[in-house]
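Below is one structure; the comments refer to it alone.
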Amino acid sequence: MKIYLIILGLFIVSFNVIAETAEEKGLAIAVEADKRDTGWGDQQAKLVMTLKNRFGQESRRENRNKTLEVDGDGDKTLIVFDSPKDIKGTAFLSFTHALRPDEQWIYLPALKRVKRISSSNKSGPFLGSEFSYEDISSQEVGKYKYKYLRDEKINGRDTFVVEAIPQYNKSGYTRLINWIDKERYQPLKTEFYDRKNSLLKTLLYSQYNQYLNKYWRAGRMDMQNHITGKSTSLEFLEYKFRTGLKDRDFNRNALKRAR
Amino acid sequence: MFNRLKCVLFFYLITVQLIYAAEWSGQLGIESRIFTETAAFSGQKGNSSSVFFQPEFYYESETGKDSFTFVPFMRLDQTDNQRSHADIRELTWVKVQDDLEWRVGIRKVFWGVTEAQHLVDIINQTDTVENPDGEDKLGQPMVNLSYITDIGTFDAFILPYFRERTFVGKKGRLRSQPYVDTTTTFYESVDKEKHIDYALRWAHSIDEWDIGLSYFNGTSRTPRFIVGINSSGDTVFNPYYDLIEQIGLDVQATFNNWLWKLEAIHLDGIGGSGASNFTALTGGLEYTFYSVIGEATDIGLVIEYLYDDRGVTIASPFQNDVMFGMRFNLNDEQSSEALVGIIKDIELDSTLYFIEASRRLSENFKIVIEARQYISIPVNDILYAYLKDDYIQVELSYYF
């Protein structure tokens, strides 16, 4: 009896390997990436955003991010702006979800007003940068349909090339193509295709570091817009994990006293 | 000797630590108002300029559980000595303990969701001389305890000192006729400004809904007026502050591009001096078209209805009015944005046009332009006194 089960098991496993479609393989890669990035709890980082226009003129903005991992749902994120100075103290709270709309609030310190804002603005620019709201929102497996395309080497690293098609409403993209590092299961490059399916933006991830002996985080992201010639770079500084953040640090009161 | 040295060293270290941990920031600005018509009333001046300064000192303890904020404000106005004024906008200590938050000192609190007016928002007194839109507030002394639970946030406020509303002086534009003289002020309470007010609030977010319920008991922030004669022989309005209780409801529903908003208040006089009981509401919606112009410009449409069951009175100009506004957000590096709109009185035909636009000029400079125009306002509308006060205002600020 036992031996039959083992044989049956082997048969199922091998059958799966043979029959795995490109879609299944794509999903399996996304699930594995998500699994490997589960359990970090909470994280904090400083973020320096440098916006560059096509003439090479730069402007800089700084903010601090706090993120709480939520089991079975999207993360909760609080972003506090430090510069430019006129928006210092402005804070942004977001509860992300895979398919239902995110919940977002903004705090305006001059009026001491917390405003619930619409999260329909997926494709709009975040703070005038080349990153849109959907780019900075937490990446949940259920947000996309996947398709494995091929293997490729980038900067000497082996990657899976996987297509991801947004399943949530109001995305500005028809599809994304991700280059996923085979060893770390983290993206090295993403191409964004607009609603007309032409290449709109390319994002490069670099300066990866490992935290808590497990979790990889990019220290730098460079987004190039091919249509406007503008680019935005993000530098992540002072990553901290498991700092003891709780649900309690992600509500409207916390938004008001975020500094 | 050694002990003294140790003592000095100790205080030196404390001070250095405090300065190191603390941060200074703030805003320094100049503002010019250009009035397009000659003044309606004798004594009123024409165009005017002013400067203002609002530094902010912030200190946070190592654990982040305690913080201290100090924000003084000062404006010097070329023409109106009532508009030249100083205030402590904030002088607060905040303590966070698990589910409780204590806030003690002078602060500003905002309640509400609508755009045209803020009915529910009652904790702070309006600093009317700053801007006729009523969004500038005076610092309010308080003890505030917040209790955060899974079924919402409960707030209790004790407000031990009343702040009198500021009013534009005789020489200033955008004032009533006769002007308000605050050297004589009447209170219903025998304790006058020392009457202890209190307030309670519950606020919660449930999926698409943000809901707030509030209760206030104390001195009305909005005065009635009593006609009097002041020391220089002018006929003036003297403010009279009733004792009231107010219940308020504010709700916002956020469905994709739609924001549905409602604020309603019911006010009762509680001192028996005949403060009128009334109900007022503001309700409407906002719809935003994202990235409709070029790559990134959003256009939002705002429509709100303003109602007050007292009808046409001196108490409020918005008894049966409609506000329609368009919001432009360029989403560019300079955070350029504009709001243009109109508030129209359905009964009286009075019309107010307004524009507010702002743009960042560089890392530290920002410009804000505002304009208001008052059209066909009949004598029985309280805004009649503003009829000749159409203006354009340019404000340039340096942020540090």
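Derivation of every value follows stated rules applied to the coordinates shown; laboratory data play no part. Here the structure is a predicted model, which is why all the values come from computation and not from measurement. All Cβ positions, glycine included, derive from the backbone under ideal geometry; neighbour counts span all protein chains shown.
Could you tell me how far the Cα centroid of segment B:306-369 sits from the Cα centroid of segment A:24-56, in Å?
40
If I fit a long axis through the Cα atoms of helix B:2-21 and take the longest principal axis of the Cα atoms of chain B, what angle between them do I get, 0 to 90°, rounded to 10?
The answer is roughly 40 degrees.
If you take the alpha carbon radius of gyration of segment A:15-145 and divide it by 2.2 N^0.38 Å, what ratio comes out, to two decimals?
Cα Rg divided by the expected 2.2 N^0.38 Å: 1.27.
Viscosity 0.890 mPa s, temperature 25 °C: what is the translational diffusion coefficient of segment B:84-206 from Stokes-Einstein with a Kirkwood Rh over Cα pairs, rounded to a whole number of µm²/s?
Numbers: Rh = 16.4 Å.
For the chosen part, D equals 150 µm²/s.
Check each of the GluC sites (Glu not before Pro) in segment A:110-196 and keep only those in coil by DSSP with at most 10 other C-beta atoms within 10 angstrom; list them in order. Write out the running numbers ahead of the final one.
Working: sites: A:E130, A:E134, A:E140, A:E152, A:E163, A:E183, A:E191; in loops: A:E130, A:E140, A:E183.
Taking segment A:110-196 and a limit of 10 other Cβ atoms within 10 Å, the loop GluC sites (Glu not before Pro) found are A:E183.
Just counting partner chain Cβ atoms within 10 Å, what average do the residues of peptide A:118-127 show around their Cβ?
6
Counting only pairs 8 or more residues apart or on different chains, how many lysine pairs in chain B have their Cα atoms under 17 Å apart?
Close lysine pairs under the 17 Å cut-off: 8.
Over the C-alpha atoms of segment B:2-399, what are the Rg and the largest Cα-to-Cα span, Dmax, in Å?
When restricted to the Cα atoms of segment B:2-399, Rg and Dmax are 22.8, 81 Å.
I'm a student and want to see the number: the projected area of the Cα convex hull of the protein assembly as shown, averaged over all directions, in nm². Numbers along the way, then the final one.
Numbers: hull surface 158.4 nm².
Spelled out: convex hull of the Cα atoms, projected over all directions, averaged, 39.6 nm².
Which three extents, in whole angstrom, do the alpha-carbon atoms of segment B:107-166 cover along their principal axes, largest first?
Cα spread of segment B:107-166 along its principal axes, largest to smallest: 40, 28, 13 Å.
List residues of segment B:147-174, by number, whose backbone nitrogen lies under 17 Å from a label position 7 Å along Cα→C-beta of B:T38.
Flagged as within label range: B:173.
What residue among B:S48, B:P239, A:A218 has its Cα farthest toward the positive end of the dipole of the protein assembly as shown, where the charges are +1 on Lys, Arg and -1 on Asp, Glu, each on the Cβ?
A:A218
Using the Kirkwood radius built from alpha carbon pairs, what does the Stokes-Einstein equation give as D for segment A:22-257 at 4 °C and 1.567 mPa s, in µm² per second?
In µm²/s, the coefficient is 70.
Treating the beta-carbon of each Lys and Arg as +1 and of each Asp and Glu as -1, no other charges, what is the dipole magnitude of segment A:68-135 about its Cα centre, to the nearest 20 debye?
On the way: 9 positive and 11 negative charges, 113 e Å.
Once rounded to the nearest 20, the dipole reads 540 debye.
List the trypsin sites (Lys or Arg not before Pro) within segment A:50-89 that DSSP assigns to loop and that have no more than 13 neighbouring Cβ atoms inside 10 Å.
Hits after loop and neighbour filter: A:R54.
Points 7 angstrom from Cα along the Cβ direction at B:V368 and B:N277: gap in nanometres?
3.9
Whole Å is fine, so just give me how far the alpha carbon centre of segment B:134-177 lies from that of segment A:60-96.
For segment B:134-177 versus segment A:60-96, the Cα centre distance is 28 Å.
Can you compute the charge dipole magnitude of segment B:2-399 about its Cα centre, using +1 on each Lys and Arg Cβ and -1 on each Asp and Glu Cβ, nothing else charged? Give it in debye, rounded to the nearest 20.
Its charge dipole is roughly 1540 debye.
Over 22 Å, how big is the tail of the calculated P(r) for segment B:22-163, in percent of all Cα pairs?
52
Give me the distance in nm between label points sitting 7 Å out from Cα along the Cα-to-Cβ direction at B:E193 and B:F154, one decimal.
3.4
Can you pull out the chymotrypsin sites (Phe, Trp or Tyr not before Pro) in segment B:334-397 whose DSSP state is coil and whose Cβ has at most 15 other Cβ atoms within 10 Å?
Working: sites: B:Y353, B:F354, B:F365, B:Y374, B:Y384, B:Y386, B:Y391; in loops: none.
Here no chymotrypsin sites (Phe, Trp or Tyr not before Pro) fit, given the DSSP loop and packing criteria.
Using a simple spin-label model with points 7 Å from Cα along the Cα→Cβ vector, what separation in nm is obtained for B:D207 and B:K6?
Here the modelled spin labels are 6.5 nm apart.
Using only Cα atoms, tell me the angle between helix A:22-36 and the longest principal axis of chain A; keep it within 0 to 90° and round to the nearest 10.
Long axis of A:22-36 versus the principal axis of chain A: about 60 degrees.
Using the 2.2 N^0.38 Å rule of thumb for compact globular proteins, work out how segment B:157-255 stacks up: its C-alpha Rg over that value, please.
Working: Rg = 18.0 Å, N = 99, 2.2 N^0.38 = 12.6 Å.
Expressed relative to 2.2 N^0.38 Å, the Cα Rg reads 1.43.
Report the charge-dipole magnitude of segment A:22-257 in Debye, nearest 20, computed about the Cα centre from +1 at each Lys and Arg Cβ and -1 at each Asp and Glu Cβ.
On the way: 44 positive and 33 negative charges, 177 e Å.
For segment A:22-257, the charge dipole is close to 840 debye.
Using a cut-off of under 15 Å, list every residue of segment B:176-213 whose amide N is near the label point 7 Å from the Cα of B:V251 along the Cα-to-beta-carbon line.
B:203-213
What do you get for the angle between helix A:2-19 and the principal long axis of chain A? Use alpha-carbon atoms, 0 to 90 degrees, nearest ten.
Between the helix axis and the principal axis of chain A, the angle is about 60 degrees.
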